[in-house]
Number of protein chains: 2
Amino acid sequence: MSDDTGEGEPESGADGAPEDADARTAALEAITERVLERISPDDVERATMHAAAEELLARATAAATDRCPDADVVQVGSTARDTWISGDRDIDVFVRFPPSLDRETLETYGLEVGHETLPEGHEEYAEHPYVTGEYDGFDVDVVPCFRLEAATDIRSAVDRTPFHNRYLEARLDGETADDVRLAKQFLKAIGAYGSNLRTEGFSGYLTELLVVEYGGFRPLLEAAADWHPPVELDPEDHGRARETSSSRNGADGDYPFDDPLVVIDPTDPERNVAAVCSAANVARFQHYAREVLESPRIDLFEPDEPEPLGPDELAAHLDRRETTPIAIRFDAPALVDDQLYPQLQKSLDGVVSGLDRREFDVLRAETFADASAVLFVELAVAERPAVERHEGPPVHVRGHAEGFHDAYADDETVYGPFIDGDRYVVERGRDFTDAISFLESDRLLDVGLGAHVETALEDEYEVLVGSDVSALLEEFGAALRAYFEPTP
Amino acid sequence: MSDDTGEGEPESGADGAPEDADARTAALEAITERVLERISPDDVERATMHAAAEELLARATAAATDRCPDADVVQVGSTARDTWISGDRDIDVFVRFPPSLDRETLETYGLEVGHETLPEGHEEYAEHPYVTGEYDGFDVDVVPCFRLEAATDIRSAVDRTPFHNRYLEARLDGETADDVRLAKQFLKAIGAYGSNLRTEGFSGYLTELLVVEYGGFRPLLEAAADWHPPVELDPEDHGRARETSSSRNGADGDYPFDDPLVVIDPTDPERNVAAVCSAANVARFQHYAREVLESPRIDLFEPDEPEPLGPDELAAHLDRRETTPIAIRFDAPALVDDQLYPQLQKSLDGVVSGLDRREFDVLRAETFADASAVLFVELAVAERPAVERHEGPPVHVRGHAEGFHDAYADDETVYGPFIDGDRYVVERGRDFTDAISFLESDRLLDVGLGAHVETALEDEYEVLVGSDVSALLEEFGAALRAYFEPTP
């Protein structure tokens, strides 16, 4: 079995990397072929999906037209467009009502249609409520929306989805669909796939647009390897329309987006499809695009699931690094990931600023969440002396300078005021001479935490320091390996 | 005796400070009267000085005209202008030769005249060699110079002195001379008097110009209290001349000086008389000017000679501050102060930068010199962990980014490369995890030391840390009190 792995691959150099450009091209082709074999749904999977979708669409259509003769039903998403990866089992059914319907009725009808389509389903809430459930092994969403003339008329984000579907369907063929699958698999493997607010990566729609725009997976890789953010793509040339229009806000004809990657939605010139994609994920994609072009390897298409870090490994890292790791641990607020992770990130930023402001130097920081949530900060400096320098105004700014001087002149607890350069300076006592006291104090609640994190911390939290952070290993062993063995 | 101290002084509030403006004016007048009584030379001192000066001028004139009939002799300096402070005993005799004389002959004649004037004197070297010695209790310099038409024609700095003397003599009367004495005494008391490169303060000539320009000591104080540096004074209105001239470099008609205090030399438009005066000394003068106007007190005219700090006091300060004081001590290079102190300051700046660059945070630093010299740094952070963050280029700067990545990708000693924002980052080992190892290493010699300090350190130095800095108390007790009990 494993003896076969190398068969059919082109020559490789001593380190396994192909030696010239042609060989690399061939090697990448050979590898993507093997990847496709694994990630393309086979005939059975396709037939099962089509059968399931047909049944669901029929049910939804019957239930919808019963209530509103003018309604219709469309399947959207990667299973509709044949761009799904084998094993992904999402079927998205969109029930479109005419815009004349009032929103309340739409929501009522939408839920009724959902329940008739998925008798075992339950309700969830996005911009509209909708029904989600399982059918024949597939995860199914039945989502009501308005059927509009143009995507720019939408009333909520879900109304846009059918437009996306129509735009892509017209531009995808079998080969392009395979390239979309490769791109998705590649982005998954490098951890940059998904527009949720935890990943802040590439959405499925964005990935499909990029493959369509660049004309394939390999051209996309080659382009990305040379990107100079901000990268601006505008498939439908909306920018030109904007430039000649007086009503838009694009200064100097530039796109009015401040993101590293800007892809103007073909169905809506006002929207950057890549708005969620972080600078780090753009950089990550660039890094791995270069790597897979230079040294095509199948493992670059395989998501890395790190083994949990062991206690001895953790201890060895802490010994080697000589830093002070500190974990603030508390019960994870009961929020969906798209709310939880932004709050955790905001809280982590607040804690880092609070430490910085007190001159406790943070080397690196990360947040983890499962049943508990953790704000993890690794300090280069966890203690400061009793006094700190406090600069006053220049002596020549008379009013302020006299105020500063008089405030401290008779204060026995400070050194000074004295003069340094043109300013008054005092050396005064610190509120906190060690970071742990600060993190254990009420002042932690002032650093600008996410609202639900603040509530959780007000309730209870623990501060783990140094080797005590090993208590995190049971819940966050894999995350800690990723932290202590960081890769691009 | 001491019961008389308060007599004749105006009413005071509970804290001893006069309560209204008139009372303050009267109090300052009463105090300056008492100060003048102490610092004005009495008739005996004046007579002694005049007798000594007369004899010295006669000797010098005879010796000079013997060699060069066209030579003449002038007395310059504060004893010549009656602006000296009782107890100052400097007599400056300038021997002026015609500009037709060649420099070598001038120097020969100058030394011969000096030796005939001061048979016990010895030679020293400024721009010209000159003879210095004692006569009847006075410190006498006999300095040769060229007698020129204008100060702008000068060949060396000493040629300018007679012009300064003439300018001031024409503008000083008895009352102004008293105000000059008060200003000098005040600047001495606050530690801002003297244009040597240790003090970087107000020269005698500058002080006299300021008093003349503002019309007295009190007007000078009132102006200084409100100064907004850069302060620009131009007694002879040279700036206007410069503005209308096409040959000068003053952009926008501004003075071409980048100093906090600019006083254009009345005898030379190209020269800022206050060039040496540091921002700190300008600020110091402003601070104490406000203080003496607000709360006139005689002690503001009395130089503070700090008692040496005791071992227990030092220990108490170190306990209270919790910092890490470090002294680099070595044999003081055999240089005059005007060369030594700039070199020590440069060396101290270099050491502070070297520590900063390695992230050892310096709270304050100072330099001391006597038989030994000391670079004293007080650290807030003296240790760092084994690893440090090292930021690479943005990933999109492809050439640099690939170079950085490849340099570290297989380096087992670093963490990463990983991606943070749009950049590659590694965490690598530090060269020095504690400041002392750095200061004890050869790398100390790379920080940009003064030349003679570098030579001294190459030879030998010791590093005193923490409570061991008490070894400095014997030689630098007073300086250490000034350091640990800082005042404006």
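For the range B:67-107, enumerate the residues that are acidic (D, E) and either touching a helix residue (DSSP H, G or I) at 6+ places or on another chain (Cβ under 9 Å) or not in a helix (DSSP H, G or I) (or both).
Step one: filter the range B:67-107 for residues acidic (D, E), giving B:70, B:72, B:82, B:88, B:90, B:92, B:102, B:104, B:107.
Of everything in the range B:67-107, those that are acidic (D, E) and either touching a helix residue (DSSP H, G or I) at 6+ places or on another chain (Cβ under 9 Å) or not in a helix (DSSP H, G or I) (or both) turn out to be B:D70, B:D72, B:D82, B:D88, B:D90, B:D92, B:D102.
Filter the range A:322-354 for residues that are more than 15 Å from A:A435 (Cα to Cα) and of a type in the set (G, A, S); which is nearest to the other protein chains (Cβ to nearest Cβ)?
Among those that are more than 15 Å from A:A435 (Cα to Cα) and of a type in the set (G, A, S), it is A:S347.
If the Cβ limit is 7 Å and pairs must be 6+ apart or interchain, which residue in the range B:56-79 that is over 30 Å from B:L209 (Cα atoms) pairs with which residue that is of a type in the set (G, A, S)?
From the range B:56-79, the pairs are B:A64/B:A71; B:T65/B:A71.
Residues that are at pLDDT below 95: which helices (runs of 4 or more DSSP H) entirely in the range B:195-305 hold 2 or more of them? Working first, answer last.
Values: elements: B:204-214, B:217-225, B:238-244, B:279-294.
In the range B:195-305, B:238-244 are the helices (runs of 4 or more DSSP H) which contain 2 or more residues that are at pLDDT below 95.
Any residue in the range B:391-405 that is more than 11 Å from chain A (Cβ to nearest Cβ) sitting within a Cβ distance under 8 Å of a residue that is of a type in the set (D, E) and not in a helix (DSSP H, G or I)? List the pairs, counting only those 6 or more apart or interchain.
Note: pairs meeting the criteria are B:E391/B:D420.
For the condition hydroxyl-bearing (S, T, Y), touching a residue at least 12 places away in the same chain (Cβ under 8 Å) and away from every other protein chain (no Cβ under 11 Å), what is the one hit in B:S441, B:S437, B:S470?
On the way: B:S441 fails: touching a residue at least 12 places away in the same chain (Cβ under 8 Å); B:S437 fails: touching a residue at least 12 places away in the same chain (Cβ under 8 Å).
Being hydroxyl-bearing (S, T, Y), touching a residue at least 12 places away in the same chain (Cβ under 8 Å) and away from every other protein chain (no Cβ under 11 Å) holds for just one of B:S441, B:S437, B:S470, which is B:S470.
Out of the residues in the range A:8-43 that are among the polar types (S, T, N, Q) and part of a loop (DSSP other than H, G, I, E, B), which is modelled with the lowest pLDDT? Let's see the steps before the verdict.
Residues of the range A:8-43 among the polar types (S, T, N, Q): A:12, A:25, A:32, A:40.
When the remaining residues are screened for being part of a loop (DSSP other than H, G, I, E, B), the result is A:12, A:40.
Values: A:S12: 47, A:S40: 96.
Once the filter is applied, the top-ranked residue is A:S12.
So the check is Cβ under 7 Å with 6+ separation or different chains; which pairs have a first residue in the range A:358-376 that's within 14 Å of another protein chain (Cβ to nearest Cβ) and in a strand (DSSP E or B) and a second one that's aromatic (F, W, Y) and surrounded by 19 or more Cβ atoms within 10 Å (Cβ to Cβ)?
Partner pairs satisfying both residue conditions: A:A365/A:F376; A:E366/A:F376; A:E366/A:Y483.
Only one of B:L221, B:L206 is crowded, with 22+ Cβ neighbours inside 10 Å, within 14 Å of chain A (Cβ to nearest Cβ) and not small (G, A, S); which?
On the way: B:L206 fails: within 14 Å of chain A (Cβ to nearest Cβ).
B:L221 is the lone residue from the list that is crowded, with 22+ Cβ neighbours inside 10 Å, within 14 Å of chain A (Cβ to nearest Cβ) and not small (G, A, S).
Within the range A:455-480, how many residues turn out to be surrounded by 20 or more Cβ atoms within 10 Å (Cβ to Cβ) and over 16 Å from A:S372 (Cβ atoms)?
Within the range A:455-480, residues that are surrounded by 20 or more Cβ atoms within 10 Å (Cβ to Cβ) and over 16 Å from A:S372 (Cβ atoms) number 0.
Of all residues in the range A:172-194, how many are outside any loop (DSSP other than H, G, I, E, B) and among the small types (G, A, S)?
Step one: of the range A:172-194, the residues outside any loop (DSSP other than H, G, I, E, B) are A:174-189, A:193.
Subset that is among the small types (G, A, S): A:174, A:177, A:183, A:189.
Adding up the residues that qualify gives 4.
Among the numbered criteria (1) under 30 Å from B:T413 (Cα atoms); (2) surrounded by fewer than 17 Cβ atoms within 10 Å (Cβ to Cβ), which single criterion is violated by A:V351?
(2)
Within the range A:397-413, can one find any residue that is of a type outside the set (D, E, K, R), surrounded by 17 or more Cβ atoms within 10 Å (Cβ to Cβ) and assigned to a strand (DSSP E or B)?
no
Would you tally the residues in the range B:29-66 being in contact with a helix residue (DSSP H, G or I) (Cβ under 6 Å, 6 or more places away or on another chain) and polar (S, T, N, Q)?
Number of matching residues: 1.
Determine whether A:R89 is charged (D, E, K, R), touching a residue at least 40 places away in the same chain (Cβ under 8 Å), touching a strand residue (DSSP E or B) at 6+ places or on another chain (Cβ under 6 Å) and over 30 Å from A:L293 (Cα atoms). Even if it seems obvious, please write down each step before you answer.
Working: charged (D, E, K, R): yes; touching a residue at least 40 places away in the same chain (Cβ under 8 Å): yes; touching a strand residue (DSSP E or B) at 6+ places or on another chain (Cβ under 6 Å): yes; over 30 Å from A:L293 (Cα atoms): yes.
For A:R89, the condition - charged (D, E, K, R), touching a residue at least 40 places away in the same chain (Cβ under 8 Å), touching a strand residue (DSSP E or B) at 6+ places or on another chain (Cβ under 6 Å) and over 30 Å from A:L293 (Cα atoms) - is met.
Which one of these is closer than 30 Å to B:T199 by Cβ, of a type in the set (F, W, Y) and either part of a helix (DSSP H, G or I) or touching a helix residue (DSSP H, G or I) at 6+ places or on another chain (Cβ under 6 Å) (or both): B:F476, B:F438?
On the way: B:F438 fails: closer than 30 Å to B:T199 by Cβ.
Sole residue among the options that is closer than 30 Å to B:T199 by Cβ, of a type in the set (F, W, Y) and either part of a helix (DSSP H, G or I) or touching a helix residue (DSSP H, G or I) at 6+ places or on another chain (Cβ under 6 Å) (or both): B:F476.
Working carefully through the options B:A183, B:A151, find the one that is under 25 Å from the mean Cα position of the chain (by Cα), in the same structural domain as B:E112 (by TED's automatic domain parsing) and buried (at least 21 other Cβ atoms within 10 Å of the Cβ).
On the way: B:A183 fails: in the same structural domain as B:E112 (by TED's automatic domain parsing).
Every option except B:A151 fails the conditions.
Within the range A:108-119, can you find the residues that are over 15 Å from A:T65 (Cβ atoms) and either of a type in the set (F, W, Y) or surrounded by fewer than 16 Cβ atoms within 10 Å (Cβ to Cβ) (or both)?
Matches in the range A:108-119: A:T108, A:P119.
Could you list, ordered by first residue, the pairs with Cβ atoms under 6 Å in which the first is in the range B:226-239 and under 14 Å from B:P260 (Cβ atoms) and within 14 Å of chain A (Cβ to nearest Cβ) and the second is part of a loop (DSSP other than H, G, I, E, B) and among the aromatic types (F, W, Y), at least 6 apart or interchain?
Every condition considered, the pairs that remain are B:E232/B:Y255.
Output yes when any residue across the range B:421-435 is in a helix (DSSP H, G or I) and crowded, with 18+ Cβ neighbours inside 10 Å, and no when none is. Steps first, answer last, please.
First, the residues of the range B:421-435 that are in a helix (DSSP H, G or I): B:435.
Add one more test, that the residue is crowded, with 18+ Cβ neighbours inside 10 Å, and what stays is B:435.
Yes: one or more hits.
Please name all residue pairs, on different chains or six or more residues apart, with Cβ atoms under 6 Å, provided the first residue is in the range B:299-316 and is on the phi > 0 side of the Ramachandran plot and the second residue is surrounded by 12 or more Cβ atoms within 10 Å (Cβ to Cβ).
So the pair list comes out empty.
The values are calculated or read from the model by the stated rules, or taken from the named source; none is laboratory data. Fair warning: this is a prediction, and the values are worked out from it, not measured in the lab. Here the Cβ is made from the backbone with ideal geometry for all residues, glycine too, and neighbour counts use every protein chain on show.
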